[in-house]
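Here's the structure we're looking at; comments come further down.
Just so you know, all these numbers are worked out from the coordinates, no wet-lab data involved. These figures come from a predicted structure and were not determined experimentally. Here Cβ is always computed from backbone atoms with ideal geometry, including for glycine, and neighbour counts include all displayed protein chains.
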Amino acid sequence: MTAVPASRRAAAALPFLFAGLIVWAVRFLAVYGFTAIACVNGWSGAVPVVIVAASVVAIAVNGVVIAAGLRRNGSEAGRFLGLIAAAVAALSIIAIVFETLPAFLVDACAA
Amino acid sequence: MSDTTAPDLPNPLPRPPGELEELERVWRRPRGIRRLTEVNNSQIGLYYIGTAVMFFLFAGVLALLMRAQLALPENALVDHDLYNQLFTMHGTVMMFLFAVPAVEAMGVLLLPSMVAARDLPFPRLSAYAFWAYFIGGTIFLVSLFLDVAPRAGWFMYPPLSSAEYTPDVSSDFWLLGIGFIEISAIAGAIEIIVGVLRTRAPGMSLDKMPVFAWVMLVFAGMIVFAFPAMIAGTALLELERAFDWPFFIAERGGDPLLWQHLFWFFGHPEVYIIFLPAAGFLSMIVPTLARRPLIGYRAIVLAVIGTGFLSFGLWVHHMFTTGLPAISMSFFSAASMAVAIPSGIQIFAWIATIAAGRMQLTTPALFVLGFLFIFTIGGLSGVMVAMVPFDWQAHDTYFIVAHLHYVLIGGMVFPLFAAIYYWVPMISRRRLSERIGKVVAVLLFLGVNLAFFPMHVSGLMGMPRRVYTYPDGLGWEVTNLLSTIGAFVIAAGVALFLFDLARNLRLSTTRNAGNVWDAGTLEWLPTGTYQTRSIPIVTSRDPLWDQPNLAADVEAGRYYLPGTATGRRETIVTSSVDARPQYVLTLPGPGWTPFFSAAFTAAAFMLLTVKAVIPAILCGAIAIGGIIAWMWRADIGPRAPVDIGGGLRLPVNITGRNAHATAGTVVLILCAGTLFGCLLFAYFFLWTVNADWPPAGAGAPSPSWAAIAAVLLLAASLAWRAGRGVLTSHDQPRPRLMFRLLVLGAAAAATAAVVADGVSLWQAGLRPADSAYGAILYAITAYQAFLTGALIIMAGIVFARSLAGRIGGPWRLSFEVTALFGHYVVVQGLVALAVTRLFPGVAS
């Protein structure tokens, strides 16, 4: 066992681990916020378009996270981290798809 | 054990004489009244869990009173006003004073030994959190006996809880009492995050970390992002009640729904905040009982992280009947179903582990099986109420009461009982009785199902929640009587459990019953007050199963740090991913400041509830004085490197990015940022509910004042930066004066900025009581002023330390955390100005 000096990479490990769900959260809040504002202002037609667009972008970003996670090598812990990060991103994609379905099923601003 | 030295162990035998005695002396626990000064997490954890159990009993008695009242129709045991207090206190105490503190307590109790740290990095913070909770919570209970207990329901919806409909102090008790206990939960969360990430035994990389440590990491992270919403909500409602700032009053542009959003943005993650640690207990207990490693470790880690995040996307499912747009509700309905995926992963992993192993039907095993049954039923009824149309039918009926008790009792109370039966041998000379324990498990299982299953039926038959009685002839008689009988069966089980505790619990750190389950994780290593004699190198997820002779070698002192290297309490700090040793952190020993600061913090908040403003301010000042005294001694600066064995020389108390205090400050900033985010959410929310924003007639704050404030903030940031440069430069005499001027200048610029901001609001003719617009602008400025006030105190400490020669060169951690916080205050101030000054303009 050897001691290690300060590392910038370590500080980035947790954000990377959670990246997929951070993307999920940003998409969720953005879509929720947009819908609230859109329904107040009567832009209900734009709502499904924006939802789908946001989902496409979020899924694409998560695809990048999955690729980066699976490519990660180095120590056993590093590979573990990459694998979990990829799985987290995959779970996020499932959640995003799930949460996009209402755009096709529900009349946006009906109460 | 042989006394030949294996070449791969860091320290040779025999150990030098006096090494163990010195270690014991450093970690000796104070006796008598000075027990109050102990800050060690394993000790505080015991106080913590004991207190939580006390609150559990209290809230349970309240439930029995309610069930006694509802046993028969038109019963007159309890009148409506007392009944309102009973259900409000029952829910509040169970959620805030029992459930969250109990799991947090298990965290601080178990984590140090589970990751083989001598202690977590901020022991005084844990002690402060505990005492604040103990004293504040106890005073909160007393309110019930003085007939001033809160009575507006555990979620305190305005307008019922607002000044108009609850003019007495009962809501204030809730808002100030509970709001302040949230602060204590956050303090615990900071300790747990930094502890899990930085004090694990060498070699315990993230992929070898016990699931419980993962769970507590996610748990603490959730507290950091959920509890600030609650603090923001309680602060706004208290401001409305005390000063008539109309955040929730519709006539002046407020909206009661804003409270519901803030409350449930906290309140839904709260359910998982309680459940995840309980799931963590199970992931530790099930493999031991099944005699095999956990199946699906990686899947469980994924599930825990997934649940932690997704649970933040569910809050609106408590608000399906508030008239939101259908599509918004659909998002939350979908998210509510999606979160069942990670929960399901965990349940299947436990079932698979049980199926693949040989489960012994011990008491903890019975509680685990009870959990699986009860929690799964709660989960199923949860998916039912996630469906918007079904929820419209079930909302506010006993169906919900049944659902939430199945989830919370199944998801938290059963695992907690399993955990208590499982881990008591670690802290007690005797284990609890298997015979009595099994009876307790059976009684609780029968009682819970008998009490709560009929409530589904009562609810479907239309019985509303929170009614103190019901008329005869509606068909609710049988189910209610059954529920009452069930409640008393639960009480019998709990009473028997207390009897078992009284008979068998004999607390002891050094002579505990030990590894009676033959478990594989490090909390079962032989311990003293210093935790383990030496700190092991971990190479497996179940080290006691896979690393032969580990316990004996650890106890003999053959691993790292077998004594005290600095003559103080200390622990090894390791890197967050690979757990490689980085430095030795000296830890504080017993002291009075956490206890007194906590006592006076609690006193300050509780005096505010009864509007004793001057005594409250005095108590607050004493509390801050205590914290300053504590901080004065906190940063003792780097020391000469020490040898921990195996040829490894580590620095002592480093500064900079990798320091534990930097990590703690980052977490605190995340909390502060979330609270700020909640205020911005309130701003935008109020904007969407008001057609005119700013409202007609409200003045516009002058942009030049805002520009001045922005320039001052940027100047403050530059001053912090320059201060760091001066501190790290090598010429000494003149820069010292320069450094002090820069620190004072930075604090002064941040202060001037917030004053300029406030003045601009006032000059524009805005008054906080006039409209929700004015109120939220002043609230954002007031929060900036609050953080600036904290920054002034921090800068004052740095200034004073500089005068006293306690800062300079590499000894600068207190400056670095102050500067980091200072930069955050600047960023927040700039964002606040941008949002509040630019957005209405952009919109119109």
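Numbers below:
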item	result
Residue mean of other protein chain beta carbons inside 10 Å, B:332-338	5
Shielding by partners - mean other protein chain Cβ count within 10 Å, residues of B:320-330	6
Cα-derived Rg over Rh, computed across region A:11-111 with Rh taken as Kirkwood radius	1.11
9 Å beta-carbon shell around residue B:538, net charge (K/R +1, D/E -1)	+3
By average C-beta atoms within 10 angstrom, highest first, the peptides B:10-16, B:506-512, B:405-411	B:405-411, B:10-16, B:506-512
The protein assembly as shown: Rg to Rh, with Rh as the Kirkwood radius over Cα pairs	0.95
Electrostatic dipole magnitude of the protein assembly as shown [Cβ: Lys, Arg +1; Asp, Glu -1; Cα centre; debye, to 20]	3040 debye
Contour excess over end-to-end distance, with Cα ends at residue B:741 and residue B:24 and 0.36 nm allotted per residue	253.6 nm
Label-point separation, residue A:26 to residue B:72 (7 Å along Cα→Cβ), nm	6.4 nm
Calculated FRET value between residue B:442 and residue B:702, using beta carbons and R₀ = 56 Å, to 0.05	0.20
Footprinting exposure proxy for B:438, B:611 (fewest neighbouring C-beta atoms within 10 Å first)	B:611, B:438
Residue B:804/residue B:728 FRET efficiency (R0 25 Å; Cβ-Cβ; nearest 0.05)	0.80
Number of partner chain Cβ atoms within 10 Å, mean per residue of B:676-687	1
Kirkwood hydrodynamic radius of region B:45-186, from inverse mean 1/r over distinct Cα pairs, in Å	16.2 Å
Chain B - convex hull of alpha carbons, volume per residue in Å³	159 Å³
Residues residue B:691 and residue B:383, FRET efficiency given R0 of 35 Å [Cβ-Cβ distance, rounded to 0.05]	0.35
Sequence-separation-based contact order of chain B, relative, with Cα cut under 8 Å and 6+ spacing, percent	16 percent
Proportion of all alpha-carbon pairs of region B:40-504 beyond 30 Å (%)	44 percent
Selection from B:356, B:86, B:242 lying farthest towards where the dipole of region B:40-504 points positive, charges on Cβ	B:356
In Å, descending, principal axis extents of the Cα set of region B:107-240	59, 25, 20
Unit charges at the beta carbon, dipole of the protein assembly as shown: most positive-side option, B:471, B:677, B:397	B:677
